Amino acid sequence: MSALLRNFTAGSAPPELVGERVYLRMPQLSDYVGWASVRQESRAFLEPWEPTWSADALTRAAFRRRLRRYAREVREDQGIAFFIFSKEDDRILGGITLSQIRCGVTQSTSVGYWVGRPYARQGYMADALRVIVRFVFDGLRLHRLEAACIPTNLPSQGVLKKCGFREEGLAREYLCINGVWQDHKLFAIVSTDPWRDKPAKPRLVKTV
């Protein structure tokens, strides 16, 4: 596999992806306090839609393990994780992750995301998702971006449709969410879809 994510492994400061109201950056150890705070505040809001939280999920040690896993996935071109920050005051709003990057004849990846309870339904996630769509198609030069969500998660489905994703079907017992195997609706957007009529292309900025 070619080094799709080489820009995110070279140098001491990772690039940022910049949208209208948010910017995306790879997680760093210094993000721990802000990340743990918004996750703790939003725990009841997030747990129904996520894999079961471990007993030490919000500890600094668990955060370090998370960062090591993210770094390994980037090195191996398997995926990349970003935190979503407010451009206004640099608050951590949530996270968005690309996983299962596949090249060859597939040229695809999957996106997953979360947003803190205080920042939900305010347009932040739609902004971040549009940034990711452009990064996948213009930056990584992939052809297909997939997503899945529980059928009862109507806000998530709304965000996907708002950003140009199309519903493609239902996968039975697709993921184990909060300890239960859950059906998921499947969505996708491809590079030939009319996604360029969205807000201006985000800038890729190398921080110093």
Q: Compute the distribution of all C-alpha to C-alpha distances in segment 14-144, in bins of 10 Å from 0, and list the percent of pairs in each, rounded to whole numbers.
A: 12, 43, 36, 9, 0
Q. Using the membrane-span-like helix rule (whole DSSP H runs, Cα extent along the own axis of at least 15 Å, mean Kyte-Doolittle hydropathy at least 0.5), which helices of the chain qualify?
A. 124-134
Q: Per DSSP H run of n ≥ 4, the term is -39500 (n - 2.57); total these for the chain, divide by its residue number, and report the mean residue ellipticity at 222 nm rounded to 500 deg cm²/dmol.
A: -7000 deg cm²/dmol
(Q) Which residue, TRP49, ILE92, GLN78, has the largest displacement toward the positive end of the dipole of segment 14-144 when charges sit on each Cβ (Lys, Arg +1; Asp, Glu -1)? (A) GLN78
Q. Using alpha-carbon positions, what is the distance between the centroids of segment 66-97 and segment 167-186, in Å?
A. 24 Å
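Only the coordinates and a few stated rules stand behind these numbers; no lab work does. Values in this document were obtained by computation on a predicted structure and should not be read as measured data. Virtual Cβ from ideal backbone geometry, glycine too; neighbours counted across all protein chains shown.
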